[in-house]
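S.K.: Below you'll find the structure I mean.
The values are calculated or read from the model by the stated rules, or taken from the named source; none is laboratory data. It should be emphasised that the depicted structure is a prediction, and the values quoted were computed from it without experimental measurement. A quick note on method: Cβ atoms are made from the backbone with ideal geometry, for glycine too, and the neighbour counts reach across all protein chains shown.
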Amino acid sequence: MNLYKKVINAICSVFEVIAALSLGAMVVVVTIQVVMRYFFRNTPGWSEELARQFMILFCFIAMALGVRDKIHIALTIIVDRGFKKIKLPLEIIGKVLICIMGLMMSVNMGPYFTKLKSNRLPGTGIPVGYEYAFPTAVGILIALLAVYQIYDHFKFGTDEQQMKQGDFTKKDATL
């Protein structure tokens, strides 16, 4: 599993760089759009489209990184009410559902890439199918992250137990 962990970490590092570049590019494009609109009264036709593309890219990558870091929304009311004995099975079920969601995202987004790659966005000329390439890849990454987290649950226990172990850091728990 160490090789698996290293590969997933490398993929996540690449996605983090892409997300940072995407966020920076989105800020630059929106700044250009605002300056052109308010000072020159002439908004470029490509600016809104390109900013949206960068935002889509950033949001999907942020979703995968949220799964990796375990900072996604979780309903813990049942466990908090005193059912601590079922916490591990509930966490495993949650990770299995996350894995299924990632796989379904890939399966359902993938065909759009091939079907829509000949259509082009009017402002930029970017093929519409490329909007679906990253969500497909991110779905696969989410599934891979969830599989590793399920493995961690069987090996180390609940997320809370993983954090309490002496030499087990948050970084180890989240890949």
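S.K.: Quick check on the range 123-152: of everything there that is without any contact (Cβ under 8 Å) to a residue 24 or more places away in the chain and more than 18 Å from the chain's Cα centre (by Cα), which residue is farthest from Cys99 (Cα to Cα)?
M.R.: Here the answer is Gly125.
S.K.: Related question: Which one of these does Lys5 not meet: (1) over 20 Å from Ala137 (Cα atoms); (2) at pLDDT below 90; (3) of a type in the set (D, E, K, R)?
M.R.: Just one mismatch for Lys5, condition (1).
S.K.: Of all residues being of a type in the set (S, T, N, Q) and surrounded by 14 or more Cβ atoms within 10 Å (Cβ to Cβ) in the range 10-51, which is nearest to Leu145 (Cα to Cα)? Just the residue, please. Spell out how you get there, then give the answer.
M.R.: Restricting attention to the range 10-51, the residues satisfying the condition of being of a type in the set (S, T, N, Q) are 13, 22, 31, 33, 42-43, 47.
Retained after the next criterion (residues that are surrounded by 14 or more Cβ atoms within 10 Å (Cβ to Cβ)): 22, 33, 43, 47.
Details: Ser22: 22, Gln33: 37, Thr43: 41, Ser47: 34 Å.
The selected residue is Ser22.
S.K.: Between a residue in the range 21-36 that is over 22 Å from Ala62 (Cα atoms) and any residue that is surrounded by fewer than 14 Cβ atoms within 10 Å (Cβ to Cβ), which pairs come within a Cβ distance under 6 Å, given they are 6 or more apart or on different chains?
M.R.: From residues that are over 22 Å from Ala62 (Cα atoms), the pairs are Met36/Asn42.
S.K.: Just one of Phe154, Phe83 is more than 18 Å from Asn9 (Cα to Cα), at pLDDT 85 or above and out of contact with any Phe, Trp or Tyr (no Cβ under 6 Å at 6 or more places or on another chain); which is it? Walk me through it before giving the result.
M.R.: Working: Phe83 fails: at pLDDT 85 or above.
After ruling out the rest, the residue left standing is Phe154.
S.K.: From the list Thr43, Thr31, which residue is modelled with pLDDT of 95 or more and of a type in the set (Ser, Thr, Tyr)?
M.R.: Selected residue: Thr31, the only one of Thr43, Thr31 that is modelled with pLDDT of 95 or more and of a type in the set (Ser, Thr, Tyr).
S.K.: Further question on the same structure: Against the condition surrounded by fewer than 17 Cβ atoms within 10 Å (Cβ to Cβ), at pLDDT below 90 and either in a helix (DSSP H, G or I) or of a type in the set (D, E, K, R) (or both), how does Ile78 come out, does it pass?
M.R.: yes
S.K.: Next question. Between a residue in the range 91-103 that is modelled with pLDDT under 95 and any residue that is surrounded by 15 or more Cβ atoms within 10 Å (Cβ to Cβ) and not in a helix (DSSP H, G or I), which pairs come within a Cβ distance under 6 Å, given they are 6 or more apart or on different chains?
M.R.: Close Cβ pairs satisfying both conditions: Glu91/Thr158.
S.K.: What single numbered condition from (1) more than 17 Å from Val147 (Cβ to Cβ); (2) touching a Leu at 6+ places or on another chain (Cβ under 9 Å); (3) not aliphatic (A, V, I, L, M) fails to hold for Tyr4?
M.R.: The failed condition is (1).
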